[in-house]
Amino acid sequence: MAVAVGMTVELSYCVVNTGKRQLMLRGLDAISRERARVPFATEVLVLDNASEDGSAQAATEHPGVDAVLTGERRAGKPEAFNRLLERSRGRFCLLLDEDAELRPGATAALHAALDSRPRAAAAGARLLNPSGAVQASAWRFPSPGSALAAALFLHRWLTVQSRGAAVRRVDWAQSAAMLIRREAAERVGGMDPAFFVYSDEVDFCRRLADAGWETIWVPDAIAVHHEQLSAVHGHERRVVEFSRNRDLYMRKHHSAAAARAVRWLTAWAYALRALIALVVPGRSPRRLWRHVRASLAPGRGQGLREASEPPRATPDR
């Protein structure tokens with residue numbers, strides 16, 4: 001239901017778009033269909049993250065969008081979501097990547113689950129690949145134990161929590177399609193901009209848990225996650241950014257010794273996979289060895305943050 005004059009907004013759709021015009025429009029069309037299905041007032045906000053493909057104009061012209069926020073520079077995902085949270089008016093905010101397409105009924109399922117659990121602050125959706133295959137979308141918090149599980153190839157059973165047919169409590173859920181309770185987000189100060197992208201929602205859910213809130217996973221809420229980041233940014237930069245933010249999370253919430261343990265266990269897990277890739281057709285050991293190097297030295301290399309920064313002027317000589 002769209003917002004009428006004087007109505008209280010129950011839910012704000014908050015979309016961050018970074019140069020993916022067609023996927024954004026596809027997602028906005030799905031949101032419009034969702035708004036027509038729910039019995040409460042909603043609004044749609046889009047933050048265009050310094051795109052150069054006409055995304056901002058396309059969002060402004062979309063009939064289902066209530067407001068478009070823009071910026072002169074490309075911000076990290078937490079900073080962008082924080083801007084949307086400050087601008088939104090809903091009691092709940094549905095955070096959406098531009099490449100997440102809601103399936104019918106997803107909004108209602110997320111809202112019902114979160115609204116009926118007063119201590120739940122965040123609710124993640126079941127994510128599907130465009131082919132229809134299920135993506136893992138909720139996990140246990142990172143720790144030396146979870147890194148050991150990955151090193152022993154047991155992570156699918158010991159770490160992944162997005163399974164089953166009922167709403168369940170999880171440690172953290174992916175924010176590609178996540179409904180959050182505004183009150184809780186404000187109490188913990190929103191998302192931490194120190195995480196440019198990757199591990200930002202892990203840190204957010206961890207701080208919610210530390211403050212006494214819960215995160216849940218809602219299997220009846222389904223979104224197709226197209227995951228187009230890899231088509232825009234190089235694999236090397238994504239690996240660097242992923243590794244540095246995993247390490248940042250560990251150093252923020254665990255000891256230095258635990259952070260070092262996770263570096264070595266993660267590198268070991270990728271090294272084993274790289275060795276297996278040498279004899280398994282269709283696998284790229286080179287790509288896996290990049291993860292090994294980045295895991296052992298997360299402070300080195302150029303990541304997505306550096307790619308978003310404007311080029312520095314070369315001084316005249």
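The values are calculated or read from the model by the stated rules, or taken from the named source; none is laboratory data. Note that the structure is predicted; figures quoted are calculated from it, not measured. Cβ sites come from the backbone with ideal geometry, for glycine too, and all protein chains shown count toward neighbours. These area figures cover heavy atoms from the full protein model, side chains too; ligands, DNA and RNA do not enter into them. Shrake-Rupley method; radii C 1.70, N 1.55, O 1.52, S 1.80 Å.
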From the square roots a ≥ b ≥ c of the eigenvalues of the alpha-carbon gyration tensor of segment 67-147, which class results: rounded (a/c under 1.5), prolate (a/b over b/c), or oblate? rounded
The chain: angle of helix 285-296 to the longest principal axis, Cα-based, in degrees nearest 10: 90 degrees
Sorting L28, V240, S51 by the position of each Cα along the dipole of the chain (Lys, Arg +1; Asp, Glu -1; all at Cβ), the one nearest the positive end of that ordering is V240
Quick one: of the DSSP bridges fully inside the chain, what percent are antiparallel, nearest 5? 40 percent
At 0.890 mPa s and 25 °C, Stokes D of the chain from Kirkwood alpha-carbon radius, µm² per second: 121 µm²/s
Estimated 222 nm signal from helices in the chain, with DSSP H stretches of n ≥ 4 weighted -39500 (n - 2.57), rounded to 500: -12500 deg cm²/dmol
Against the longest principal axis of the chain, how steep is helix 106-115, in degrees 0 to 90 to the nearest 10, with axes from Cα atoms? 90 degrees
Note to self: with every protein chain in place and a 1.4 Å probe, the chain gives an accessible area per residue in Å² of 47 Å²
Taking the 0 to 90 degree range and rounding to the nearest ten, how far is the long axis of helix 200-210 tilted relative to the main principal axis of the chain, both from C-alpha atoms? 80 degrees
The answer for the net charge of residues other than V262 whose Cβ lies under 9 angstrom from its Cβ, with Lys and Arg +1 and Asp and Glu -1, is +2
Which semi-axis lengths, in whole Å and largest first, follow from the square roots of five times the eigenvalues of the Cα gyration tensor of segment 31-80? 24, 13, 8
Ignoring ligands, DNA and RNA, what percent of the 1.4 Å accessible area of the chain is carbon and sulfur? 53 percent
Net dipole in debye of segment 1-144 [+1 Lys, Arg Cβ; -1 Asp, Glu Cβ; about Cα centre; nearest 20]: 560 debye
What percent antiparallel are the DSSP beta bridges of segment 1-136, to the nearest 5? 10 percent
Can you tell me the dipole magnitude for the chain around its Cα centre, using point charges on the Cβ only (Lys, Arg +1; Asp, Glu -1), in Debye to the nearest 20? 1340 debye
If you split all Cα-Cα distances of segment 214-309 into 5 Å bins from zero, what percentages do you get per bin, shortest first? 2, 13, 17, 17, 17, 17, 13, 5, 0
